[in-house]
1. Could you sort out which of Lys84/Lys155; Lys147/Lys328; Lys29/Lys148; Lys101/Lys230; Lys101/Lys155; Lys125/Lys148 sit more than 24 Å apart by Cα distance in this structure?
2. Using alpha-carbon pairs under 8 Å, 6+ residues apart, how would you state the relative contact order of region 211-346 in percent?
3. With an 8 Å Cα cut-off and a minimum separation of 6 or more residues, compute the relative contact order for the chain in percent.
4. Using a 1.4 Å probe and counting only protein heavy atoms, arrange Lys46, Lys95 so the residue with the most accessible area comes first.
5. Placing unit charges on C-beta atoms (Lys and Arg positive, Asp and Glu negative, everything else neutral), compute the dipole magnitude of region 1-116 about its Cα centre in debye, rounded to 20.
6. Explain nothing, just the number: dipole magnitude of the chain about its Cα centre with +1 on each Lys and Arg Cβ and -1 on each Asp and Glu Cβ, in debye rounded to the nearest 20.
7. Say we join alpha carbon atoms closer than 10 Å with springs in a Gaussian network model of the chain; which of Val337, Val156, Val298 then has the biggest fluctuation?
8. Rounded to the nearest 5, what is the percent of antiparallel bridges among the DSSP beta bridges in the chain?
Amino acid sequence: MQIRLVIGVRDARYLGNLSAYLEKNHMDKLEIVTFSSPELLKEYAKKSISDVILVEEQFGIDAELLKDFGRAAYLCDGAPAAEKNGIRAIAKYKKPDLIYKDILDLYAEGGSSHGFRMGGRGSGKVCLVTGLSGGTGASTFAAALAKKYALQGKKVLYLNLEPAGMSTDFFAGSGTYHFEDVIFALKSQRADIRLKMESAARVDISGVSFFAPCSNPMYMLELNHEDNLKIMDTLSGETGYDHVVVDMNFKLTLEFMEIMSRANQILLVQDGGETSNSKFLRAMEAMHIMEEQNRMNVTAGMKLLYNRFSSSKSSSEIPGLSIPVIGKLPPIKHASVHEIMDYMLTRQDIFAALGAGEDA
(Lines give C-alpha, C1' and ligand atoms only; values in the text may rest on other atoms or scores of the structure.)
Protein backbone atom coordinates (compact mmCIF):
# COMPACT_ATOMS: atom_id res chain seq x y z
CA MET A 1 0.00 0.00 0.00
CA GLN A 2 1.18 3.54 -0.79
CA ILE A 3 0.55 6.93 0.78
CA ARG A 4 -1.97 8.80 -1.36
CA LEU A 5 -0.47 12.28 -1.62
CA VAL A 6 -2.25 15.29 -3.14
CA ILE A 7 -0.25 18.43 -3.90
CA GLY A 8 -1.84 21.77 -4.80
CA VAL A 9 0.54 24.48 -6.07
CA ARG A 10 -0.11 27.18 -8.69
CA ASP A 11 3.56 27.42 -9.70
CA ALA A 12 3.79 24.76 -12.42
CA ARG A 13 7.59 24.69 -12.34
CA TYR A 14 7.79 24.14 -8.60
CA LEU A 15 4.98 21.58 -8.75
CA GLY A 16 6.74 19.66 -11.53
CA ASN A 17 10.13 19.68 -9.77
CA LEU A 18 8.72 18.50 -6.44
CA SER A 19 6.54 15.75 -7.91
CA ALA A 20 9.40 14.61 -10.18
CA TYR A 21 11.73 14.26 -7.20
CA LEU A 22 9.17 12.35 -5.14
CA GLU A 23 8.28 10.04 -8.00
CA LYS A 24 11.93 9.34 -8.83
CA ASN A 25 13.03 8.62 -5.28
CA HIS A 26 9.90 7.38 -3.51
CA MET A 27 7.50 6.06 -6.13
CA ASP A 28 7.30 2.75 -4.21
CA LYS A 29 5.84 4.62 -1.22
CA LEU A 30 3.82 7.44 -2.74
CA GLU A 31 0.85 7.69 -5.07
CA ILE A 32 0.97 11.33 -6.18
CA VAL A 33 -1.80 13.50 -7.64
CA THR A 34 -1.01 17.13 -8.42
CA PHE A 35 -3.22 20.16 -9.07
CA SER A 36 -2.51 23.74 -10.08
CA SER A 37 -6.20 24.65 -9.74
CA PRO A 38 -7.93 24.79 -6.31
CA GLU A 39 -11.32 24.04 -7.92
CA LEU A 40 -10.06 20.79 -9.42
CA LEU A 41 -8.42 19.76 -6.15
CA LYS A 42 -11.69 20.36 -4.30
CA GLU A 43 -13.60 18.21 -6.78
CA TYR A 44 -11.02 15.43 -6.49
CA ALA A 45 -11.06 15.56 -2.67
CA LYS A 46 -14.86 15.18 -2.60
CA LYS A 47 -14.71 11.96 -4.61
CA SER A 48 -11.42 10.37 -3.49
CA ILE A 49 -9.79 9.63 -0.15
CA SER A 50 -6.38 11.24 0.36
CA ASP A 51 -3.84 10.34 3.03
CA VAL A 52 -1.83 13.58 2.96
CA ILE A 53 -2.55 16.92 1.27
CA LEU A 54 0.04 19.64 0.70
CA VAL A 55 -1.12 23.00 -0.65
CA GLU A 56 0.67 26.31 -0.90
CA GLU A 57 -0.51 28.88 1.62
CA GLN A 58 -2.17 31.11 -0.99
CA PHE A 59 -3.70 28.25 -2.98
CA GLY A 60 -7.25 29.33 -2.15
CA ILE A 61 -8.68 26.54 0.01
CA ASP A 62 -10.21 27.45 3.40
CA ALA A 63 -8.40 25.93 6.37
CA GLU A 64 -11.54 24.28 7.77
CA LEU A 65 -12.28 22.67 4.43
CA LEU A 66 -8.67 21.53 4.15
CA LYS A 67 -8.95 19.77 7.52
CA ASP A 68 -11.95 17.84 6.22
CA PHE A 69 -9.94 16.53 3.28
CA GLY A 70 -7.35 14.71 5.43
CA ARG A 71 -3.96 15.19 7.07
CA ALA A 72 -2.90 18.49 5.57
CA ALA A 73 -0.09 21.03 5.59
CA TYR A 74 0.56 24.40 4.01
CA LEU A 75 3.65 24.92 1.86
CA CYS A 76 4.84 28.36 2.96
CA ASP A 77 7.47 30.79 1.72
CA GLY A 78 10.39 31.53 4.04
CA ALA A 79 10.63 30.03 7.50
CA PRO A 80 7.02 29.56 8.60
CA ALA A 81 5.59 29.21 12.08
CA ALA A 82 4.66 25.71 13.19
CA GLU A 83 1.03 26.21 12.16
CA LYS A 84 -1.19 28.47 10.07
CA ASN A 85 -4.86 28.58 11.07
CA GLY A 86 -4.52 25.23 12.82
CA ILE A 87 -2.83 23.61 9.80
CA ARG A 88 0.78 22.47 9.95
CA ALA A 89 3.16 24.75 8.02
CA ILE A 90 6.11 23.44 5.99
CA ALA A 91 8.83 25.52 4.38
CA LYS A 92 8.18 25.38 0.66
CA TYR A 93 11.76 25.79 -0.54
CA LYS A 94 13.68 23.48 1.76
CA LYS A 95 15.31 20.33 0.39
CA PRO A 96 12.73 17.98 -1.14
CA ASP A 97 13.99 15.05 0.92
CA LEU A 98 13.05 17.03 4.05
CA ILE A 99 9.58 17.66 2.61
CA TYR A 100 9.32 13.90 2.10
CA LYS A 101 10.13 13.46 5.81
CA ASP A 102 7.29 15.87 6.61
CA ILE A 103 4.92 13.81 4.45
CA LEU A 104 5.83 10.67 6.37
CA ASP A 105 5.43 12.50 9.67
CA LEU A 106 1.98 13.78 8.72
CA TYR A 107 0.92 10.28 7.74
CA ALA A 108 2.40 8.80 10.93
CA GLU A 109 0.33 11.14 13.08
CA GLY A 110 -2.78 9.41 11.79
CA GLY A 111 -1.94 6.16 13.57
CA SER A 112 -1.69 2.73 11.95
CA SER A 113 0.07 2.60 8.60
CA HIS A 114 -2.46 0.06 7.23
CA GLY A 115 0.09 -2.05 5.39
CA PHE A 116 2.33 0.81 4.27
CA ARG A 117 5.62 -0.64 3.00
CA MET A 118 8.71 0.53 4.81
CA GLY A 119 12.19 0.98 3.34
CA GLY A 120 12.01 -2.03 1.05
CA ARG A 121 14.68 -4.50 2.16
CA GLY A 122 12.87 -6.26 4.94
CA SER A 123 13.67 -6.69 8.61
CA GLY A 124 17.08 -5.57 9.83
CA LYS A 125 19.48 -7.25 12.20
CA VAL A 126 19.74 -5.49 15.55
CA CYS A 127 23.12 -5.30 17.30
CA LEU A 128 23.06 -3.85 20.82
CA VAL A 129 26.39 -2.35 21.91
CA THR A 130 26.94 -1.68 25.60
CA GLY A 131 29.70 -1.33 28.17
CA LEU A 132 29.58 -2.73 31.69
CA SER A 133 31.80 0.12 32.86
CA GLY A 134 31.82 3.76 31.87
CA GLY A 135 34.49 5.19 29.59
CA THR A 136 35.19 2.03 27.60
CA GLY A 137 34.44 3.63 24.23
CA ALA A 138 31.34 1.54 23.54
CA SER A 139 29.55 4.45 21.85
CA THR A 140 32.52 5.20 19.60
CA PHE A 141 32.71 1.59 18.45
CA ALA A 142 28.93 1.44 17.96
CA ALA A 143 29.17 4.48 15.68
CA ALA A 144 32.12 2.92 13.82
CA LEU A 145 30.13 -0.30 13.35
CA ALA A 146 27.22 1.64 11.86
CA LYS A 147 29.60 3.45 9.53
CA LYS A 148 31.17 0.12 8.55
CA TYR A 149 27.80 -1.21 7.41
CA ALA A 150 27.08 2.03 5.52
CA LEU A 151 30.42 1.80 3.71
CA GLN A 152 29.35 -1.66 2.55
CA GLY A 153 26.27 -0.12 0.95
CA LYS A 154 23.92 -1.36 3.67
CA LYS A 155 21.03 0.72 4.94
CA VAL A 156 21.84 1.22 8.62
CA LEU A 157 20.39 3.09 11.60
CA TYR A 158 22.48 4.18 14.59
CA LEU A 159 20.26 4.63 17.65
CA ASN A 160 21.68 6.11 20.83
CA LEU A 161 19.43 5.37 23.82
CA GLU A 162 21.83 6.60 26.49
CA PRO A 163 20.19 9.29 28.67
CA ALA A 164 23.01 11.75 27.93
CA GLY A 165 24.02 10.27 24.58
CA MET A 166 24.92 12.55 21.68
CA SER A 167 24.62 10.98 18.25
CA THR A 168 25.87 14.27 16.78
CA ASP A 169 29.29 13.53 18.30
CA PHE A 170 29.63 11.02 15.47
CA PHE A 171 27.20 11.99 12.70
CA ALA A 172 25.74 15.12 11.11
CA GLY A 173 22.77 15.64 8.81
CA SER A 174 20.03 18.14 8.05
CA GLY A 175 16.49 17.69 9.27
CA THR A 176 13.60 19.19 11.19
CA TYR A 177 12.90 16.51 13.78
CA HIS A 178 14.66 15.35 16.95
CA PHE A 179 14.44 12.16 18.98
CA GLU A 180 11.87 13.75 21.27
CA ASP A 181 9.42 13.53 18.34
CA VAL A 182 9.78 9.75 18.53
CA ILE A 183 9.34 9.86 22.31
CA PHE A 184 6.19 11.97 22.04
CA ALA A 185 4.81 9.56 19.43
CA LEU A 186 5.41 6.67 21.83
CA LYS A 187 3.63 8.53 24.61
CA SER A 188 0.67 9.54 22.46
CA GLN A 189 -0.04 5.91 21.51
CA ARG A 190 -1.77 7.26 18.41
CA ALA A 191 1.03 7.83 15.93
CA ASP A 192 2.55 5.04 13.85
CA ILE A 193 5.92 4.59 15.53
CA ARG A 194 7.59 3.00 12.49
CA LEU A 195 6.76 5.91 10.25
CA LYS A 196 7.57 8.40 13.00
CA MET A 197 11.05 6.92 13.30
CA GLU A 198 11.60 7.01 9.54
CA SER A 199 10.39 10.59 9.24
CA ALA A 200 12.55 11.77 12.16
CA ALA A 201 15.77 10.09 11.03
CA ARG A 202 18.54 12.18 9.50
CA VAL A 203 21.27 10.86 7.20
CA ASP A 204 25.00 11.41 7.64
CA ILE A 205 27.27 11.89 4.62
CA SER A 206 28.55 8.36 5.27
CA GLY A 207 25.02 7.02 4.71
CA VAL A 208 24.29 6.26 8.37
CA SER A 209 20.79 7.21 9.52
CA PHE A 210 20.52 8.61 13.04
CA PHE A 211 18.31 10.73 15.28
CA ALA A 212 19.31 14.20 16.37
CA PRO A 213 19.51 14.29 20.19
CA CYS A 214 16.55 15.64 22.14
CA SER A 215 16.55 19.43 22.26
CA ASN A 216 16.20 19.02 26.04
CA PRO A 217 18.06 16.00 27.50
CA MET A 218 15.37 15.69 30.17
CA TYR A 219 13.07 14.26 27.50
CA MET A 220 15.16 11.06 27.51
CA LEU A 221 14.05 10.47 31.10
CA GLU A 222 10.49 10.12 29.82
CA LEU A 223 11.42 6.82 28.17
CA ASN A 224 10.28 3.93 30.37
CA HIS A 225 10.85 0.21 30.02
CA GLU A 226 7.74 -0.36 27.95
CA ASP A 227 8.80 2.43 25.57
CA ASN A 228 12.24 0.86 25.11
CA LEU A 229 10.69 -2.54 24.47
CA LYS A 230 8.39 -1.03 21.86
CA ILE A 231 11.36 0.61 20.16
CA MET A 232 13.26 -2.68 20.11
CA ASP A 233 10.22 -4.58 18.85
CA THR A 234 9.72 -1.98 16.12
CA LEU A 235 13.35 -2.23 15.06
CA SER A 236 13.10 -6.02 15.00
CA GLY A 237 10.20 -5.79 12.56
CA GLU A 238 9.97 -4.40 9.04
CA THR A 239 11.87 -1.12 9.11
CA GLY A 240 13.68 -1.15 5.79
CA TYR A 241 17.09 -1.11 7.51
CA ASP A 242 19.56 -3.90 6.85
CA HIS A 243 21.24 -3.27 10.20
CA VAL A 244 20.33 -1.35 13.34
CA VAL A 245 23.05 -0.52 15.87
CA VAL A 246 21.61 0.31 19.30
CA ASP A 247 23.92 2.11 21.75
CA MET A 248 22.66 1.77 25.32
CA ASN A 249 23.94 1.88 28.90
CA PHE A 250 24.25 -1.50 30.61
CA LYS A 251 22.03 -2.21 33.60
CA LEU A 252 22.08 -5.37 35.68
CA THR A 253 18.30 -5.71 35.75
CA LEU A 254 15.69 -8.09 34.41
CA GLU A 255 14.28 -5.21 32.37
CA PHE A 256 17.58 -4.69 30.56
CA MET A 257 17.85 -8.42 29.92
CA GLU A 258 14.42 -8.23 28.27
CA ILE A 259 15.75 -5.44 26.05
CA MET A 260 18.86 -7.48 25.20
CA SER A 261 16.67 -10.45 24.30
CA ARG A 262 15.21 -8.35 21.46
CA ALA A 263 18.63 -7.99 19.79
CA ASN A 264 20.09 -10.42 17.27
CA GLN A 265 23.53 -9.80 18.70
CA ILE A 266 24.95 -8.18 21.84
CA LEU A 267 28.42 -6.67 21.91
CA LEU A 268 29.97 -5.98 25.30
CA VAL A 269 32.83 -3.47 25.31
CA GLN A 270 35.36 -3.24 28.11
CA ASP A 271 38.94 -2.16 28.67
CA GLY A 272 40.42 -5.16 30.50
CA GLY A 273 41.29 -3.18 33.62
CA GLU A 274 41.33 -4.97 36.96
CA THR A 275 38.22 -3.24 38.30
CA SER A 276 36.44 -3.50 34.97
CA ASN A 277 37.14 -7.24 34.76
CA SER A 278 35.90 -7.77 38.30
CA LYS A 279 32.61 -5.98 37.50
CA PHE A 280 32.28 -7.98 34.31
CA LEU A 281 32.63 -11.35 36.05
CA ARG A 282 30.14 -10.45 38.77
CA ALA A 283 27.65 -9.17 36.21
CA MET A 284 27.97 -12.33 34.11
CA GLU A 285 27.45 -14.50 37.20
CA ALA A 286 24.28 -12.59 38.05
CA MET A 287 23.00 -12.75 34.46
CA HIS A 288 23.42 -16.53 34.33
CA ILE A 289 21.34 -16.84 37.51
CA MET A 290 18.68 -14.48 36.12
CA GLU A 291 18.58 -16.50 32.91
CA GLU A 292 17.87 -19.68 34.83
CA GLN A 293 15.23 -18.05 37.02
CA ASN A 294 13.41 -16.44 34.10
CA ARG A 295 14.01 -19.06 31.40
CA MET A 296 15.93 -16.64 29.21
CA ASN A 297 18.95 -17.13 26.98
CA VAL A 298 20.62 -13.76 26.53
CA THR A 299 24.31 -14.50 27.06
CA ALA A 300 24.40 -16.96 24.14
CA GLY A 301 24.15 -14.00 21.74
CA MET A 302 26.99 -12.03 23.35
CA LYS A 303 30.45 -11.20 22.08
CA LEU A 304 33.20 -9.24 23.82
CA LEU A 305 35.49 -6.50 22.53
CA TYR A 306 38.44 -5.20 24.51
CA ASN A 307 38.79 -1.49 23.74
CA ARG A 308 41.45 0.84 25.10
CA PHE A 309 43.32 -2.35 25.97
CA SER A 310 46.86 -1.54 27.13
CA SER A 311 49.76 -3.91 26.55
CA SER A 312 51.06 -2.98 29.99
CA LYS A 313 50.01 -4.65 33.23
CA SER A 314 47.01 -2.30 33.49
CA SER A 315 44.94 -4.50 31.14
CA SER A 316 44.45 -8.25 30.95
CA GLU A 317 42.09 -10.70 29.27
CA ILE A 318 39.61 -12.56 31.44
CA PRO A 319 40.52 -16.27 31.38
CA GLY A 320 38.01 -19.04 30.76
CA LEU A 321 35.21 -16.95 29.25
CA SER A 322 32.50 -18.73 27.30
CA ILE A 323 31.76 -15.50 25.42
CA PRO A 324 33.70 -15.14 22.15
CA VAL A 325 36.27 -12.32 22.12
CA ILE A 326 36.33 -10.54 18.76
CA GLY A 327 39.57 -8.66 19.37
CA LYS A 328 41.49 -5.97 21.22
CA LEU A 329 41.81 -2.30 20.32
CA PRO A 330 44.62 -0.21 21.84
CA PRO A 331 44.16 3.16 23.53
CA ILE A 332 44.59 6.03 21.09
CA LYS A 333 45.82 9.22 22.68
CA HIS A 334 45.50 12.79 21.42
CA ALA A 335 42.99 11.87 18.71
CA SER A 336 39.53 13.15 17.87
CA VAL A 337 36.54 10.83 18.01
CA HIS A 338 36.45 10.68 14.20
CA GLU A 339 40.15 9.78 14.05
CA ILE A 340 39.50 6.98 16.53
CA MET A 341 36.57 5.76 14.43
CA ASP A 342 38.76 5.82 11.32
CA TYR A 343 41.34 3.65 13.07
CA MET A 344 38.65 1.23 14.23
CA LEU A 345 37.44 0.91 10.64
CA THR A 346 40.89 -0.34 9.57
CA ARG A 347 40.57 -3.39 11.84
CA GLN A 348 38.94 -5.77 9.39
CA ASP A 349 39.71 -8.72 11.68
CA ILE A 350 37.45 -7.34 14.42
CA PHE A 351 34.52 -6.63 12.12
CA ALA A 352 34.90 -10.05 10.50
CA ALA A 353 34.80 -11.71 13.94
CA LEU A 354 31.65 -9.74 14.72
CA GLY A 355 30.07 -10.85 11.46
CA ALA A 356 30.35 -7.40 9.92
CA GLY A 357 33.06 -8.18 7.39
CA GLU A 358 33.01 -7.05 3.78
CA ASP A 359 30.69 -9.90 2.80
CA ALA A 360 28.29 -9.47 5.74
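1. Beyond 24 Å between Cα atoms: Lys84/Lys155; Lys29/Lys148.
2. Working: 118 pairs, mean separation 27.9, N = 136.
Dividing the mean separation by the residue count of region 211-346 yields 21 percent.
3. Working: 652 pairs, mean separation 59.5, N = 360.
Dividing the mean separation by the residue count of the chain yields 17 percent.
4. Working: Lys46 145, Lys95 120 Å².
Per-residue accessible area, sorted high to low, gives Lys46, Lys95.
5. Values: 16 positive and 18 negative charges, 36 e Å.
The dipole magnitude comes to about 180 debye.
6. On the way: 40 positive and 45 negative charges, 89 e Å.
Roughly 420 debye for the chain.
7. In this elastic network of the chain, the residue with the biggest mean-square fluctuation among Val337, Val156, Val298 is Val337.
8. Working: 5 of 49 bridges.
Antiparallel bridges make up about 10 percent of those DSSP assigns within the chain.
The values are calculated or read from the model by the stated rules, or taken from the named source; none is laboratory data. A quick note: this is a predicted structure, and the numbers were derived from the prediction, not measured. Note: ideal-geometry Cβ built from the backbone for every residue, glycine included; neighbour counts use all protein chains shown. Note: areas computed on protein heavy atoms with side chains; ligands, DNA, RNA excluded. Shrake-Rupley method; radii C 1.70, N 1.55, O 1.52, S 1.80 Å.
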